[in-house]
Each structure stands twice: as structure tokens, then as C-alpha cells.
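Below is one structure, written out as C-alpha cells; the observations come after it.
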Amino acid sequence: MRFVLIGQPNCGKSTLFNQVAGYHAETGNFAGTTVSFTETKVRVLGDVVELVDLPGTYTLLGTNPAERVVLDYMISKPVDAIINVIDATHLVQGLTLTLELMELGRPMVLIINMMDEAQRQGIKIDGEALSRLLGIPVLPMIATRGQGIHEAFTTTWHIGRSAKLPNPPLYNSELEQSIQKIKNAIERNGLTISRRAIVVKLLEGDPKLTEQVNAKNPAIADLVKKQLDKLCHQSSRQAVWLVATERQKIARDLARGVQAQTQTHLTLRDRLDDYLLHPFWGYIFLLAILSLFFYGVYGFGSFLEEPLLDFFNNLDELVLSTLHTSGLVAQVVSGTIQGVSGGLAIVLPYLIPFLIGLGFLEDIGYLTRIAFLMDTLMHRIGLHGKAIVPFILGYGCNVPAIMSTRIMEDKRDRFLSAALATMVPCAARLSVIFGLVAFYIGPWAALGIYLYNLLIISITGRIITHFLPEDSPGLILEMPVYRLPTIRTVTAKAWFRIREFLFEAWPILIVGSVILAVMNYYSITQYINNALRPFNLLLGLPQQVGTPLIFGIFRKELSLVMLAQAFGTTDFAAVMSSQQMIIFTVFVVFYIPCIATMVTIRNELGRKSMWHITALTVLVATIAALIVRLFFLIF
Amino acid sequence: MTLLQVMNGKWVRVVGVAGGIGMERRLAQLGFLPGNKVRIIRAAPFRGPLLIDIEGREIVLGRGVAARVLVEYI
């Protein structure tokens, strides 16, 4: 049997899913889109049931990728029962989707989630009455506490077994007449959703279905258009609103009959936004919260990084000395150890606390608030408020930063925020900035590099926006209420992203390290230096930096390690002037994101975007470094 | 009158949405249907986005979007 979870964003659907799925869930990608759904297997009354968590959606019209996934899934896959989750505190809005789902003609159960929150707000819902009115089972739930989950699944199992179909909602008589007329023109066979659902979707103007009907059956397309014109004329409403207003009317009538509002108990939580979104204090809180977040991540990361790196360096030496050789085998083994340690000692110590902290901020509802506060600033570089998230993440590691661009709906916005986020100096580049510039020149010079970085990113953003103008009119997003996240949801979400790093980016990092070791063994480095010589002359850098720059593509902090190896000394002041150090660091900060980031860009945005962003970063790095050099030449 | 011209805290009613079918649809999903009650709760500084209360739900709208929501006083 297969059950699907469908609900609007922020209805607690994913909390429910994580409660039953644990950490075994698989993410699947729907062909042609990047919006994914998650599936898992659960045992219900002795049966193994496939449970699919579809992306949150307000309606079933396929006008954005998330909705498209839901509708396409319902059209193409056999589903035994729909579990529709709605938020008890927004009953009317939730029921509009419920009514739409009932039209599909699949067995269905309605779950009213967040009953505790509703109680706090003084909302009482008569589930039994609602069940009688809708003709489908209605069950209460508090997913965060695991209450009502067992009952929900056993009821769904029974409903799926009996294959009892819900009755679709009835609209006003004019609309019903039109639906009937078009329905009669559609053939019955070969459909996975009801004919009525198809007709209603056509009347609502679903882009994909309309296109298909236009191509295959122009007579029906014509009929739909005629009926729409008639309906719009009768009701003097725009076509988009015909069905939506009807559904809202039915949902409102239903809610009126089953919902009672008693006294509300306003708490600090309801007044939190007066402080956190305050025109002045809001930004102070933002700064404080983000500083705390960074401090926590860096503290945790560096606490683990040092002993882990020591361990791997010792292991490396131990292996080399026991092998009694500096031959190819030893180099390969050493390269493997370095690749493993790169992931385990340098990326994961920052990635894990980062993702958990981020998941926490996201689930509590603060990320949306950051987007609200930062929207104006982000528009200056051609993005809107949501793009602040990848930027914040970028300072820890670019890999989760790229993954987080998923929250942007627009392709152009996703590309631009990914491109700019890869230029944000991650923790690995921090080691170069601090190990070279701060150590030899001073902390102020290091701060200068960070500020210069922000300046260059803004200029790049503005230039790209000039060629790829912003076409989204601005921010549209729902502000969730503050909610205390469950540990389970936060860790499960972090685990999904960590797993992607473990199984996709990390192996490539290890292979890359081995290839480098082999290259090193056959002294290919000299050729690299020669090939890069004109480039180093342009930037006024010593020719030995060629290989470290290439190595840096694999792991940014490697460029510093390899610099020591290339010069044969760790006293960089003896071999490089402070100006050269700054130029080198500026270049390292901007050029090609590391291999792990490139792979992530490929997975998230495609191969073409990966090469575009790579080329862009090299270009920006060269220009940024040249500007610094010219500055030094003049002053 | 557009939503952008309404004073903070004042309840108004949605009349329509100007700005193409895509915008009409997206806003309709969030409750911007003719007749629904809407209010600006607060605005972000520096001409930032608006926090809107529509039928009990809180929605953030950029000013460009808010300028396309047509409203009337109740």
C-alpha cells in the first residue's frame, strides 16, 4: 500500500513524517524538477506501507515546482490513501486544500494537527462534526509530541483497504453546470484522477493540463474557454478566482459549523515579534543571534578540528614510517588519509553544528524573520531577503550554502545566490586568511580582507543583475509562528544534508587527494608551475605558488599547506612580501570553490551552472587580486 | 487604492490583484481573494517588506508585490 502526506507549508507534516520515518527515509527527485519528496516504509497493522512526504503546497495548481511535484505525483502514481494534514489554528485555509484533494477521488483521511497550539489560542474544533460534514475520517493530532499518530495510521490503513472514496465538494449551480458539460466531453478511460478533478483543474487554468488539452483535444480546450468566459461574465470575477472563492466559501461555512473561539491567552511568544522585528532592536537581536550562532559553530568546529587533524597527521607519519618507503604506494596511502581527514577533520566538525543550528533557527521560525529584516539590503545586490540564508551559511562551509539555495523559487535567483555564496570565505579559507595575513601582517589586514570580500561580492552581484535583471517583483512568503522545534526533526533534517556530503562530495575529495599524491610523486608540479607562470607574473606572485593554487581547488586550506611545501619553509615572511601575501590570499578567497562545493553546485543546479560559476569565480578572483596589486603599485 | 497606501494597523478589504495571472494565482493561494480582510502589521525599515495579516495568517510581501494588491476601506 502507498500513503501520501499532503499539506500546506508549516502544517507540521514533516514533523509527523520524521516521527514515523526516523533516519531511514530516502529522498527522491522527481524527473525534471529539483524539488524532491521523501519516502519511507512504515509498518501499519502488519502491512508494510510506503509513506511519501510530498512538498508543502497551498493548492494543487501546478504553478510552482513544489505544487507541480504534488499534482504530477497524484496523476502518475497509484496512491491508496491520502493523509491530509492541516493546521488547527488556520482551519479555513487548510480546508481549502482538503476540498481540492477530495476532488481527486482517492481514499482520504484528514488530520488536524497542532491541537495544543489551537487550545492555547482558545480554538475548539469539533472533529466528529467535521467528519460527518465532509464524509471522511477526521482525527486530531499533536505531531511534535507524537500524539494521535498511531490512530491516524490505523484509520488510514482501514480507509485504504476499503477504498472508500470521498464525495467531491459541490460548488454553485452555474459552476456545476459548466463542470458537467466539460466532464461529458472527456473520455472515461486511462485516468488516474477523477474526471471531475481534471475539469476543475482546467477551469482553474493548470498550465500543464491546459497545454496537453490544447495539443491533443482542441475541442475540449475550446469548450473550457467558452464556459470560463460565461462564468466570468455571470459572476464578474476573474477566472483565477472562480473556483478559489467557491472553495473558500465552503471552507468558511464548514469552519463556522465546527469551530468555536473561546478566550485567548496571549503570551510572550505572541509579542516576540515586537522585539525581534523592531526597526532598531530587531537588527541588534539579529546581530547578537548570528554572532552567537557563529561563535558556537566555530567553537565546536575548532575544538574538534585540532585533535582530529593531529590524529590524522600522526597516522599519516606512522603509516609512512611503517611502509619504509616513500614510493608510489606510500604516496597513495598518504593521499587517501589526507582525503579522509579533509572530510572528517575539516568539513564535518563545522558542517554538523552548522546544520543543526540552522535547522533549529529554521524550525523555530527565525530564518523567515531574517529574510524580512534583510530584504532591502539584499535587493541592492539583485536578490531578495531569502538569499541571506546561503550567505550566512557560506561563512561556515559553501556546501550547505549551495544546498540552502533550494529555498529560492526562481531559477535566476538560485543561480545568483549560489554564485555569490561561493565567494563567501568559508572556514577553510579562514585558515588561509588567518594563517597567512593575520599571522604575518596583522589582524586588521585580515579584517580588511573580509570587508574587501563583501565589497567585491556586492559589486559582482550588481554587475550580474545588470545582465540578468531581477524579474521577481519581490518577496512573498508566509511568516510562520514561533514554534519550539523537536530534536528529532532538527537532527533528521541535518542528517539528510550531512548524508549528501558523506556519500557524494566526500568520495570525490578522497579520490582528488589520491590523484594529487600521484601527481606529486611523478613531479608533475613543475609543469603546473610553468603553465601558470604568465598568470603569476600578472599578479606579481612568486612562480612556486602555481601548484598550491591548483591544490587549493581540492581543499582550500591545502593551498597554505602546499605553499609551505613549495617554498620548503613555513616562514612565509622570508619568501613573500606582505603585498604578495595579500594578493595571494585575495585570489585564494575568491577563485574556484573547492571540489566538494563544485559537486554540490552540479547536483543542485546542474553541470552548466557549475562551470559558469567556476569560470566566474576565477575571473572575479583575478580582477580582485589585480585591483589590489594596482593599488599597491600606485600607493 | 493599493495595499501600499494603507496605514499600518488599518483593516481593509481585498478588491483585486493587478499584475498578471501568475501573481493573481500566487496571492490567491495565500488568501488574497476578493472580499478578504487584510491589515499591515508592521513594515521593515528602509522601505523594506511589509508584514501582512490576511484572514489570520501572517504573510511577508515586498513593496513591489503590495503595490499590486488593490484594496478598499471597510
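Could you grab the pairs with beta carbons closer than 7 Å, sequence gap of 6+ or different chains, first residue in region B:19-40 and within 7 Å of chain A (Cβ to nearest Cβ) and on the phi > 0 side of the Ramachandran plot, second one part of a helix (DSSP H, G or I) and not small (Gly, Ala, Ser)?
B:31/A:93
Could you say whether any residue in region B:5-16 is in a loop (DSSP other than H, G, I, E, B), at positive phi and touching a residue at least 12 places away in the same chain (Cβ under 8 Å)?
Yes, region B:5-16 has at least one match.
Inside region A:594-622, can you point out the residues that are within 16 Å of residue A:464 (Cβ to Cβ) and touching a residue at least 24 places away in the same chain (Cβ under 8 Å)?
A:601, A:605, A:609, A:612, A:613, A:616, A:617, A:618, A:620, A:621
Condition check ((1) of a type in the set (Lys, Arg); (2) at pLDDT below 80; (3) in contact with a strand residue (DSSP E or B) (Cβ under 6 Å, 6 or more places away or on another chain)) across all residues:
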{"position": "A:325", "(1), (2), (3)": "no, yes, no"}
{"position": "A:328", "(1), (2), (3)": "no, no, no"}
{"position": "A:336", "(1), (2), (3)": "no, no, no"}
{"position": "A:346", "(1), (2), (3)": "no, yes, no"}
{"position": "A:350", "(1), (2), (3)": "no, yes, no"}
{"position": "A:361", "(1), (2), (3)": "no, no, no"}
{"position": "A:380", "(1), (2), (3)": "yes, no, no"}
{"position": "A:384", "(1), (2), (3)": "no, no, no"}
{"position": "A:409", "(1), (2), (3)": "no, yes, no"}
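Of (1) more than 14 Å from chain B (Cβ to nearest Cβ); (2) outside any helix (DSSP H, G or I), residue A:483 satisfies all except one. Which?
(1) is the only condition that residue A:483 fails.
Among the residues of region A:529-539, is any within 25 Å of residue A:599 (Cα to Cα), assigned to a helix (DSSP H, G or I) and of a type outside the set (Lys, Arg)?
no
When you check residue A:543 against the structure, is it more than 21 Å from residue A:593 (Cα to Cα), surrounded by fewer than 20 Cβ atoms within 10 Å (Cβ to Cβ) and within 40 Å of the chain's Cα centre (by Cα), yes or no?
no
Within region A:432-470, can you find the residues that are crowded, with 17+ Cβ neighbours inside 10 Å and among the aliphatic types (A, V, I, L, M)?
A:432, A:433, A:436, A:437, A:438, A:441, A:445, A:446, A:449, A:456, A:457, A:464, listed by residue number.
Return yes when residue A:244 is within 11 Å of another protein chain (Cβ to nearest Cβ) and either in contact (Cβ under 8 Å) with a residue 12 or more places away in the chain or assigned to a helix (DSSP H, G or I) (or both) and no when it is not.
yes
Checking residue B:71 against (1) more than 10 Å from chain A (Cβ to nearest Cβ); (2) in a loop (DSSP other than H, G, I, E, B); (3) buried (at least 21 other Cβ atoms within 10 Å of the Cβ), only one condition comes out false. Which one?
Going through the list (1) more than 10 Å from chain A (Cβ to nearest Cβ); (2) in a loop (DSSP other than H, G, I, E, B); (3) buried (at least 21 other Cβ atoms within 10 Å of the Cβ), residue B:71 breaks only (2).
Can you tell me how many residues within region A:73-98 are farther than 18 Å from residue A:158 by Cβ and either within 14 Å of another protein chain (Cβ to nearest Cβ) or in a loop (DSSP other than H, G, I, E, B) (or both)?
Counting residues in region A:73-98 that are farther than 18 Å from residue A:158 by Cβ and either within 14 Å of another protein chain (Cβ to nearest Cβ) or in a loop (DSSP other than H, G, I, E, B) (or both) gives 14.
Determine if region A:370-382 includes at least one residue that is of a type in the set (D, E, K, R), crowded, with 22+ Cβ neighbours inside 10 Å, assigned by TED's automatic domain parsing to the domain that holds residue A:590 and under 19 Å from the mean Cα position of the chain (by Cα).
yes
All but one of (1) loosely packed, with under 14 Cβ neighbours inside 10 Å; (2) in contact with a Leu (Cβ under 9 Å, 6 or more places away or on another chain); (3) assigned by TED's automatic domain parsing to the domain that holds residue A:218 hold for residue A:198; state the number of the condition that does not hold.
Answer for residue A:198: the failing condition is (1).
Which of the residues that make up region B:48-60 are in contact (Cβ under 8 Å) with a residue 24 or more places away in the chain, within 8 Å of chain A (Cβ to nearest Cβ) and over 15 Å from residue A:369 (Cβ atoms)?
B:55, B:57
With A:312, A:285, A:294, A:300 as the choices, which residue is assigned by TED's automatic domain parsing to the domain that holds residue A:558, under 37 Å from the mean Cα position of the chain (by Cα), under 26 Å from residue A:120 (Cβ atoms) and surrounded by 12 or more Cβ atoms within 10 Å (Cβ to Cβ)?
A:285
Go through region A:201-222 and count every residue that is in contact with a Leu (Cβ under 9 Å, 6 or more places away or on another chain) and assigned to a helix (DSSP H, G or I).
So the count comes out to 11.
The values are calculated or read from the model by the stated rules, or taken from the named source; none is laboratory data. Note that the structure is a prediction, hence the values are computed from the model and not measured. FYI the Cβ positions are ideal-geometry reconstructions off the backbone, even for glycines, and counts take in every protein chain you see.
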